Amino acid sequence: MAGFLAVSGCLPLHAEPVGITERQKLLQQAASNPARHGVWASDTYHDIKDERAGLQQNARTNSLTLGYDQRVTPRWTAGLALTQLSQRSELLQDDTRRRGSGLLASLYGAYAPLPFLTFPVSLGLGQIRTSQNRVAEGQELQGRFSSNLTSASAGMTLMVPLQSVFLSNSLQLSYDSGQIGSFVERWPGQQVATPAQKTSSTQWHLSTKASVWIDGKLWPYVSLKYSHDLQRTPGEDDDDQLQWGLGLDVLQRAGWTGGLGYARVAGRQGIGDQSLTLTVRKSY
């Protein structure tokens with residue numbers, strides 16, 4: 001999420017993908033009368049099925065994000081985003097069901113020393129409240145807990161126009177952590193205490209996105225992203241991940257942009273991981 005906020009939410013207007021001739025025109029217009037403000041919304045549905053031995057679970061999450069950013073100087077952009085999170089999961093090995101909802105607030109920004117080069121950063125803090133039901137020894141246990149979330153990312157994005165094809169290449173370092181508070185599960189006459197837990201991961205990501213120009217407004221694209229774990233708690237054996245995606249971006253000269261994208265993780269044995277994202281943005 002933080003990566004999406006950093007890369008998708010704060011790119012300068014004059015870095016939008018257009019053909020070479022049209023791009024030069026927009027660069028001239030942006031230099032004389034640049035758009036300083038932007039508002040945007042994004043909705044992502046994420047579905048995960050983990051069928052590995054001892055880790056079987058199904059999880060579905062939805063994140064609705066509203067954001068605003070401003071071009072503070074010709075090279076600096078800063079913004080704020082608020083995300084409403086909801087999730088449902090089932091851990092099959094111990095018949096556990098969870099439902100949660102919460103909020104994540106993020107600050108993000110970008111430095112663009114050149115029209116085709118940006119350095120985005122983001123920092124997010126949030127909390128999710130979760131209710132849990134599970135069956136143990138024929139008894140249904142119920143409990144509630146809160147999770148404090150922290151996310152941060154920094155990276156570099158290089159955009160290259162090649163006739164009717166536009167390449168966007170990025171390198172990113174991300175950190176995510178979750179602190180689950182201690183809680184008590186209860187059933188008639190008894191209770192079970194669960195201590196606090198912490199999860200965290202540090203990853204670097206290398207991605208590329210190739211868009212094809214159709215009449216300057218429609219941009220179908222394909223994308224590829226490789227992620228590698230530098231640190232993960234608790235650890236897992238599989239620390240590399242390859243994700244492919246495809247979608248369509250729509251650009252309007254009135255300052256409106258939108259997009260629909262699908263992404264799926266490939267090459268992870270026993271894991272099905274896919275997401276669908278809808279975005280819309282207005283620059284003025």
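Can you tell me which residue in the stretch 95-109 is surrounded by the most Cβ atoms within 10 Å (Cβ to Cβ), limited to those that are out of contact with any Pro (no Cβ under 8 Å at 6 or more places or on another chain) and of a type in the set (Gly, Ala, Ser)? Don't jump to the end; show me each part of the working.
Residues of the stretch 95-109 that are out of contact with any Pro (no Cβ under 8 Å at 6 or more places or on another chain), as a first pass: 95-107.
From what is left, the residues that are of a type in the set (Gly, Ala, Ser) are 100-102, 105-106.
Numbers: Gly100: 20, Ser101: 14, Gly102: 18, Ala105: 13, Ser106: 25.
Selected residue: Ser106.
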Fill in the blank from the handout: The lone condition Thr73 fails out of (1) farther than 18 Å from Leu125 by Cα; (2) open to solvent by less than 80 Å² (accessible area, probe 1.4 Å); (3) in contact (Cβ under 8 Å) with a residue 12 or more places away in the chain is (3)
Fill in the blank from the handout: Reported set for the stretch 237-271 where residues are small (Gly, Ala, Ser), out of contact with any Asp or Glu (no Cβ under 6 Å at 6 or more places or on another chain) and in contact (Cβ under 8 Å) with a residue 60 or more places away in the chain is Gly255
Problem - the stretch 76-89 residues that are free of Cβ contacts under 8 Å to residues at least 24 places away in the same chain, paired with ones that are assigned to a strand (DSSP E or B) and open to solvent by 50 Å² or more (accessible area, probe 1.4 Å) (beta carbon under 7 Å, 6 or more apart) - result: Gln84/Leu64; Gln84/Leu103
Practice task
Please tell me if Ala30 is modelled with pLDDT under 95 and under 30 Å from Ala136 (Cβ atoms).
Solution key: no
Practice task
Would you point out which residue out of Arg129, Arg144 is more than 24 Å from Thr202 (Cβ to Cβ), more than 24 Å from the chain's Cα centre (by Cα) and open to solvent by 50 Å² or more (accessible area, probe 1.4 Å)?
Solution key: Arg144
Exercise for the section: Starting from residues that are more than 20 Å from the chain's Cα centre (by Cα) and without any contact (Cβ under 8 Å) to a residue 40 or more places away in the chain, keep the ones in the stretch 194-219 and report whichever is most open to solvent (accessible area, probe 1.4 Å). Expected result: Asp215
Handout entry: Any hit, the stretch 45-61, residues being open to solvent by less than 50 Å² (accessible area, probe 1.4 Å), in contact (Cβ under 8 Å) with a residue 40 or more places away in the chain and not charged (D, E, K, R)
Key = no
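Looking only at the stretch 175-193, which residues are within 22 Å of Gly126 (Cα to Cα) and either free of Cβ contacts under 8 Å to residues at least 60 places away in the same chain or surrounded by fewer than 17 Cβ atoms within 10 Å (Cβ to Cβ) (or both)? Spell out the reasoning first.
In the first step, residues of the stretch 175-193 are kept if they are within 22 Å of Gly126 (Cα to Cα); the result is 175-183.
Matches in the stretch 175-193: Tyr175, Ser177, Gly178, Gln179, Ile180, Gly181, Ser182, Phe183.
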Fill in the blank from the handout: Filtering the stretch 131-143 for residues that are out of contact with any Phe, Trp or Tyr (no Cβ under 6 Å at 6 or more places or on another chain) and part of a strand (DSSP E or B) leaves a count of 8
Completion exercise
Note on the stretch 230-284: residues open to solvent by 70 Å² or more (accessible area, probe 1.4 Å), among the aromatic types (Phe, Trp, Tyr) and within 16 Å of the chain's Cα centre (by Cα) are Trp244
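The values are calculated or read from the model by the stated rules, or taken from the named source; none is laboratory data. Please read these numbers as outputs of a predicted model, since none were measured by experiment. Cβ sites come from the backbone with ideal geometry, for glycine too, and all protein chains shown count toward neighbours. Keep in mind that these areas ignore ligands, DNA and RNA; they rest on the heavy atoms of the full protein, side chains included. Shrake-Rupley method; radii C 1.70, N 1.55, O 1.52, S 1.80 Å.
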